[in-house]
Amino acid sequence: MKEKTIALLTKQTNLSKKEIEKLLEVPPSPELGDYAFPCFLLSKKLKQNPNQIASNVVGKIKKSKEFEKIEARGPYINFFINRRGLAEKTLGKIQKEKGKYGSAKLSSDKVMIEFSQPNTHKAFHVGHVRGTSLGESISRILELAGNKVVRANYSGDTGMHIAKWLWCYKKYHSKAKLKDDESWIAGIYVDAIKKLKENLDLQEEVDEVNRQLESRSNKELNELWKKTRTASIKSWEKIYKELNTKFDVHYFESEVEKPAKLLAKELVKKKIAKISEGATVVDFKDFNAENLGVFLLLRKDGTVLYGGKDMSLAERKFKEFKLDKSYYIIGREQDLYFQQVFKTFELMKSKAAGKSFHIMLSEVRLPTGKMSSRSGENILYSDFKNELVDYAKIQIKKRHKTNEKELSRRALAIAIASMKYAMLKQDANRTIIFNKEEAMKFEGNTGPYLLYTYARARNILKKAKKTFSKKVTAKKIKDIEKILLSKLSSFPDIVARSYAELAPSLIANYAYQLAKTFNEFYHSQQVINSQEEDFRLSIVEAFSQVLKNSLNLLGIETLEEM
Ligand code: ARG
């Protein structure tokens, strides 16, 4: 409807679409219509009285079935949309398209999204939950817009942090049975850091473990590395299942080390990289891009650095999946680093050049500071989830009698919704100061509030116990009904915007506004046994469908009952 209003105004004035869009207002009260256009800019341009212009423009606009009324009121043009038309169009479309409402064929690209990226032998904390939730949601938004999405994960499974873990386990915990439990795994790492801090001389032992690990010379150590690496990977499987994410491919740093060495040598041959103080580097000074500094590929001793690995990883991604685009969801502190990576793609004329993008993710911090898997100063996913689940169980028991299995299922769904929504409602590039009490809340702008509202709508439909006429039978459509319908009708626009900006937060905030509007409707209008029962039931049904679609795009599962 907004589009239609803008179109009408573009035709009848000599302002551009952009100018009109900027000026168009939503009036504070329904008597002033659904949209209002102020004529002051026109008045300045035409050197005419704005009131005069308003009535002139209204006079020129022909009757349009989308509007009940278009009138001049002082210097404003007020548009009143045709409520019946709005209801018929919106409800009809949602009834027809159901789960597909909001979809559009905007692209048919094959797109890889790399996200989550936990390292083996370390904690999976709520910071990882943010990246995982964001990656899953962006994947779903891209899919709804027609793209084919490949979900990729990439984990560090070699290097010093692993050496520390293995050393600590062998020296202090070898009697403990290996567990594929992330909190146990994270604990060994924290213990290693603590022991090394207490006695600096111990680092020598770790260095030796690291050498043996790199050269793969110690068979027993290799075995332990493999086993514990598998334990980490297994612990994630459970987590990803709970978070409703499934990866199509999982890469590991250990797999790209060898090809990275070869690639670095090739780049030297092609004069893109050079040897500087023994190390292999790309010096952007040589390519008129001094601001990008120096990009490191190999260390002096020939071992591969993080950057070298990313070069060969990208080659592999594009070769294996014939990608049109490749996204990396990674911390914003790696901004410069990724500029270096992408510039190097260009220099080497890689298939990834011009097709790779960094989606910057800000941190989740604790009120006391940065989260760290070294010190254990963090909130582990599993610990936080368990707390949320326990809390949710208490809340459910207040309302329903259910068996233990159903209770656990619902509590988990609520816990996940609460966690994911807390991460997604915030723009990805804004830091989240993680406040546990805040994230545990079940009211206000939270995941559980949305789930409650959904279940409430479903409950009304269940209670109605009848199939209702889908025709718009209402005698008069009330203000609150119109507001709700117009929110429902804007969902496809919101999806399109969140696709253009790759911003799930737009969907999250839409879902909250929609649920709030629904609750206003529900509290002010009787549905069952009212004169307008059929019409209102069809609004409730459409609402529940659109809220479900929104939550689905956020990767949040709905519950029929809470
Ligand atoms: N595992 C890395 C880390 O924990 C993140 C990997 C990011 N992905 C990449 N292609 N560099 O910092």
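Any read-out appearing in this document is the output of simple, stated calculations on the displayed coordinates, not a laboratory observation. The structure presented is a predicted model; accordingly, all values stated were derived computationally and were not measured. Every residue, glycine among them, receives a Cβ derived from its backbone with ideal geometry; neighbour counts consider all protein chains shown.
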Whole-Hz Karplus couplings 3J(HN,Hα) for region 151-168, θ = phi - 60° and coefficients 6.51, -1.76, 1.60, Gly and Pro as x, run 8, 10, 10, 8, 10, x, 10, 9, x, 4, 5, 6, 4, 4, 4, 4, 4, 5
Counting Lys and Arg as +1 and Asp and Glu as -1 over every other residue whose Cβ sits under 15 Å from the Cβ of Leu41, the net charge comes to +3
Binned at 5 Å starting from 0, the alpha-carbon pair-distance distribution of region 1-114 in whole percents comes out as 2, 10, 18, 19, 15, 10, 8, 7, 5, 3, 1, 0
Going residue by residue through region 266-278, the Karplus relation 6.51 cos²θ - 1.76 cosθ + 1.60 with θ = phi - 60° gives ³J(HN,Hα) values, rounded to whole Hz and with x marking Gly or Pro, of 4, 5, 5, 4, 7, 6, 8, 9, 8, 8, 10, 6, x
Contour minus Cα-Cα span, Lys470 to Ser408, at 0.36 nm per residue, comes to 18.7 nm
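Please sort 117-127, 344-354, 531-541 by packing, taking for each peptide the average over its residues of neighbouring beta carbons within 10 angstrom, highest first.
With the highest mean Cβ count within 10 Å placed first, the list reads 117-127, 531-541, 344-354.
Using only the Cα atoms of region 439-482, build the gyration tensor, take square roots of its eigenvalues as a ≥ b ≥ c, and label the shape rounded, prolate or oblate: rounded if a/c is under 1.5, else prolate if a/b is larger than b/c, else oblate.
Since a/c reaches 1.5 but b/c is at least a/b, the shape of region 439-482 is classed as oblate.
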Taking the dipole of the chain about the Cα centre (Lys, Arg +1; Asp, Glu -1; charges at Cβ), the one of Phe384, Thr467, Asn244 that reaches farthest to the positive side is Thr467
If every Lys and Arg gets +1 and every Asp and Glu gets -1 at its Cβ, then about the Cα centre region 377-498 yields a dipole, in debye to the nearest 20, of 1260
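Rounded to two decimal places and with Rh computed the Kirkwood way over Cα pairs, what is Rg over Rh for region 70-133?
1.33
With each run of n ≥ 4 DSSP H residues scored as -39500 (n - 2.57), what mean residue ellipticity at 222 nm is computed for the chain after dividing by its residue count and rounding to the nearest 500 deg cm²/dmol?
-18000 deg cm²/dmol
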Region 262-410: antiparallel bridges as % of DSSP beta bridges, rounded to 5, reads 60
Restricting to Cα pairs under 8 Å and 6 or more apart, the percent relative contact order of the chain works out to 16
In whole percents, the bins of 10 Å from zero upward hold the Cα-Cα pairs of region 481-537 as 23, 42, 24, 11, 1
With the charge dipole of region 208-310 built from beta-carbon charges (+1 for Lys and Arg, -1 for Asp and Glu) about the Cα centre, the Cα from Leu267, Leu221, Asn210 projecting farthest to the positive end belongs to Leu221
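Please give the per residue volume of the convex hull enclosing the alpha carbon atoms of region 73-213, rounded to a whole number of Å³.
Cα-based convex hull of region 73-213, divided per residue, equals 236 Å³.
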Given the candidates Leu323, Ala352, Pro118, the one whose Cα lies deepest towards the positive end of the charge dipole of the chain, counting +1 at each Lys or Arg C-beta and -1 at each Asp or Glu C-beta, is Leu323
Note: the chain, point scatterers on Cα, Debye, no solvent; log10 I/I(0) at q = 0.07, 0.08, 0.11 Å⁻¹ equals -0.55, -0.69, -1.08
Mean Cβ-within-10 Å packing, highest first, puts peptides 519-525, 556-562 in the order 556-562, 519-525
Output ordering of 222-229, 313-320 (per-residue mean of other Cβ within 10 Å, highest first) is 313-320, 222-229
Taking Cα atoms only, helix 381-399 is inclined relative to the longest principal axis of the chain by an angle, in degrees rounded to 10, of 40
Here the relative contact order (percent) of region 1-122, from C-alpha pairs under 8 Å and at least 6 apart, is 19
To the nearest 10 degrees, the tilt of helix 83-97 (Cα long axis) against the first principal axis of the alpha carbons of the chain is 40
Whole-number value, in Å³ per residue, for the convex hull of the alpha carbons of region 219-358 is 138
Karplus ³J(HN,Hα) for region 309-316 (6.51 cos²θ - 1.76 cosθ + 1.60, θ = phi - 60°; Hz, whole; x = Gly/Pro) runs 5, 5, 4, 6, 4, 5, 4, 5
Computed over the chain: longest principal axis from alpha-carbon atoms vs helix 50-60 long axis, angle to nearest 10 degrees, is 80
With +1 on the Cβ of every Lys and Arg and -1 on the Cβ of every Asp and Glu, the dipole magnitude of region 214-356 about its Cα centre, in debye rounded to the nearest 20, is 480
Toy charge model, Lys and Arg Cβ at +1, Asp and Glu Cβ at -1: the chain dipole around Cα centroid in debye, rounded to 20, equals 2060
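With the contact rule set at Cα under 8 Å and sequence spacing of 6 or more, what percent relative contact order holds for region 202-284?
Relative contact order of region 202-284: 10 percent.
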Computed over region 183-257, the Cα gyration tensor eigenvalues, each multiplied by 5 and square-rooted, give semi-axes in Å (largest first) of 28, 18, 10
